[in-house]
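The values are calculated or read from the model by the stated rules, or taken from the named source; none is laboratory data. Everything numeric here is computed off the predicted structure, so don't read it as measured data. Note: ideal-geometry Cβ built from the backbone for every residue, glycine included; neighbour counts use all protein chains shown. Keep in mind that these areas ignore ligands, DNA and RNA; they rest on the heavy atoms of the full protein, side chains included. Shrake-Rupley method; radii C 1.70, N 1.55, O 1.52, S 1.80 Å.
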Amino acid sequence: MAHADLEQLRRAFRDVLGENYEHEIRALVDGKAWYRNDIGIEEVFNLWIARSIESALDASWIFEPLRVSERKFLCEHFGIARPEIIGKSPRELAERLLQIAGLPVFRMTGNRAMLESWQHLLSLVNNDDDDRAAVAARQRAERVLRKILFFYCATGYSEEFIRMLENPGTLRVPQRLATELKNSDLERRARITNLFTEDGWADLGFLALALRKFSERLLEAHALHVSGAQLKLYTAQEHEAFNRLGSALQPYTHDRPSKQESKKQDLRDALLEIVAALTTMIARGVVPDEALVIETGISILGAVFKISFEAQTSRYFRSSETPPVGSVILVLSSTNCDYASCNWVASPW
């Protein structure tokens, strides 16, 4: 991704806003803790851009100084023709504009949003929309398990995962994965890791048991968390929560007359257990979070990068390699403070 050309952005807003440029930009930040009337307008503009990138929940912040009727003029300044504008939502249009301008698109689903999405499923069940909740629960459960497996395979543990698959015990390995295991070339680990970015080939039962066996394998290998502590990835109790969800979902996909009276309550109970399990895993520091890289550099401790999380908080982390500015990553740190060491990988989602 190219770095933003702030001068081009400034010219674009000056052209669109005309004599109202200074007034509109200052009005956006009036009342902010850092703002003073004597700060020059160009510095105010730069700080508005920087603070918006760090704290905005979506790309629409770029349109804040403009009336709706003026948005098309800003888009045209960056080469987005009017026929391209038609049919796009404000958010889609804003994301396209940011990409052209060299600014990062803030579109992430971190751990906070993930837990909120599971709480939303509980509200659906409570409002008698349990059929829709069941469909979404399966998708989300498979997604979170694939994300965890992808992250650990991508950050140095893929060989342990492959060794577990070569002696799977009661685990039934899907054909797609079994085919990759047979090919023992140098790219096998990367191909198996990248499988977890794809939908459809692995079901909830396989993913839950695979993560449990993988976790046991890591314990046997004395694998360490990035903090240096023993890595306790996925406990038997957490595995049981996903098993219960799988059982609770069966009456929604198969004809189970004996479960018609209890299936809604079973699903509610299973969702509560999933929320508890994921909350515990996040608190234990084993579920990678999603974040936007907004800065890289060198500190007294070595290479660092600054990331912004979905909750409008930011942190500096240390790593032997820094991710590209503007990229969205999955990251796991030793602890939640500035300059903590971390493992990271580019988010494939």
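Scan segment 50-75 residue by residue and report those that are open to solvent by less than 70 Å² (accessible area, probe 1.4 Å), closer than 18 Å to Gln99 by Cα and among the acidic types (Asp, Glu).
Of segment 50-75, the ones open to solvent by less than 70 Å² (accessible area, probe 1.4 Å) are 50, 52-56, 58-63, 65-66, 69-72, 74-75.
Filter once more, so that each one left must be closer than 18 Å to Gln99 by Cα: 50, 52-56, 58-63, 71-72, 74-75.
Within segment 50-75, Glu54, Asp58 qualify.
Name every residue in segment 38-53 that is of a type outside the set (Asp, Glu) and either within 15 Å of Glu95 (Cα to Cα) or part of a loop (DSSP other than H, G, I, E, B) (or both), in order of residue number. Walk me through it before giving the result.
From segment 38-53, those of a type outside the set (Asp, Glu) are 39-41, 44-53; that's our starting set.
Of everything in segment 38-53, those that are of a type outside the set (Asp, Glu) and either within 15 Å of Glu95 (Cα to Cα) or part of a loop (DSSP other than H, G, I, E, B) (or both) turn out to be Ile39, Gly40, Ile49, Ser52, Ile53.
Does Ser247 meet the test of being open to solvent by 50 Å² or more (accessible area, probe 1.4 Å), part of a loop (DSSP other than H, G, I, E, B) and small (Gly, Ala, Ser)? Let's see the steps before the verdict.
On the way: open to solvent by 50 Å² or more (accessible area, probe 1.4 Å): yes; part of a loop (DSSP other than H, G, I, E, B): no; small (Gly, Ala, Ser): yes.
So Ser247 fails the test.
Among (1) open to solvent by 30 Å² or more (accessible area, probe 1.4 Å); (2) part of a strand (DSSP E or B); (3) modelled with pLDDT of 95 or more; (4) not aliphatic (A, V, I, L, M), which single condition is Arg315 missing?
In the conditions (1) open to solvent by 30 Å² or more (accessible area, probe 1.4 Å); (2) part of a strand (DSSP E or B); (3) modelled with pLDDT of 95 or more; (4) not aliphatic (A, V, I, L, M), Arg315 misses (3) alone.
Could you say whether any residue in segment 3-15 is within 22 Å of Ser314 (Cβ to Cβ), open to solvent by less than 80 Å² (accessible area, probe 1.4 Å), of a type outside the set (Gly, Ala, Ser) and not in a loop (DSSP other than H, G, I, E, B)?
Step one: list which residues in segment 3-15 are within 22 Å of Ser314 (Cβ to Cβ), which gives 3-4, 6, 9.
Narrowing the set further to residues that are open to solvent by less than 80 Å² (accessible area, probe 1.4 Å) leaves 4, 6, 9.
Next cut, of a type outside the set (Gly, Ala, Ser) only: 6, 9.
Adding the requirement that they be not in a loop (DSSP other than H, G, I, E, B) leaves 6, 9.
The answer is yes, given that some residue of segment 3-15 is within 22 Å of Ser314 (Cβ to Cβ), open to solvent by less than 80 Å² (accessible area, probe 1.4 Å), of a type outside the set (Gly, Ala, Ser) and not in a loop (DSSP other than H, G, I, E, B).
All but one of (1) within 30 Å of Ala236 (Cβ to Cβ); (2) free of Cβ contacts under 8 Å to residues at least 60 places away in the same chain; (3) open to solvent by 40 Å² or more (accessible area, probe 1.4 Å) hold for Val331; state the number of the condition that does not hold.
Of everything listed in (1) within 30 Å of Ala236 (Cβ to Cβ); (2) free of Cβ contacts under 8 Å to residues at least 60 places away in the same chain; (3) open to solvent by 40 Å² or more (accessible area, probe 1.4 Å), Val331 misses just condition (3).
Quick check: anything in segment 42-49 surrounded by fewer than 18 Cβ atoms within 10 Å (Cβ to Cβ), over 16 Å from Arg10 (Cα atoms) and not acidic (Asp, Glu)?
No: segment 42-49 contains no residue that is surrounded by fewer than 18 Cβ atoms within 10 Å (Cβ to Cβ), over 16 Å from Arg10 (Cα atoms) and not acidic (Asp, Glu).
Scan segment 262-275 residue by residue and report those that are surrounded by fewer than 19 Cβ atoms within 10 Å (Cβ to Cβ) and within 10 Å of Trp118 (Cβ to Cβ).
Of everything in segment 262-275, those that are surrounded by fewer than 19 Cβ atoms within 10 Å (Cβ to Cβ) and within 10 Å of Trp118 (Cβ to Cβ) turn out to be Leu272, Val275.
Could you grab me the full set of residues in segment 54-92 that are under 27 Å from Leu330 (Cα atoms), out of contact with any helix residue (DSSP H, G or I) (no Cβ under 6 Å at 6 or more places or on another chain) and assigned to a helix (DSSP H, G or I)?
Glu54, Ser55, Glu92, listed by residue number.
Can you report the number of residues in segment 228-239 which are touching a residue at least 12 places away in the same chain (Cβ under 8 Å) and open to solvent by less than 90 Å² (accessible area, probe 1.4 Å)? Walk me through it before giving the result.
From segment 228-239, those touching a residue at least 12 places away in the same chain (Cβ under 8 Å) are 228, 231-239; that's our starting set.
Checking which are open to solvent by less than 90 Å² (accessible area, probe 1.4 Å) leaves us with 228, 231, 233-236, 238-239.
So the count comes out to 8.
Pro348 fails exactly one of the following numbered conditions: (1) in contact (Cβ under 8 Å) with a residue 40 or more places away in the chain; (2) open to solvent by 20 Å² or more (accessible area, probe 1.4 Å); (3) not in a loop (DSSP other than H, G, I, E, B). What is the number of that condition?
(3) is the only condition that Pro348 fails.
Yes/no per residue for (1) at pLDDT 95 or above; (2) within 14 Å of Val144 (Cα to Cα); (3) among the hydrophobic types (A, V, I, L, M, F, W, C):
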position: Ala178; (1), (2), (3): no, no, yes
position: Lys182; (1), (2), (3): no, no, no
position: Asp185; (1), (2), (3): no, no, no
position: Thr193; (1), (2), (3): yes, no, no
position: Thr197; (1), (2), (3): yes, yes, no
position: Leu204; (1), (2), (3): yes, yes, yes
position: Ala208; (1), (2), (3): yes, yes, yes
position: Leu211; (1), (2), (3): yes, yes, yes
position: Phe214; (1), (2), (3): yes, no, yes
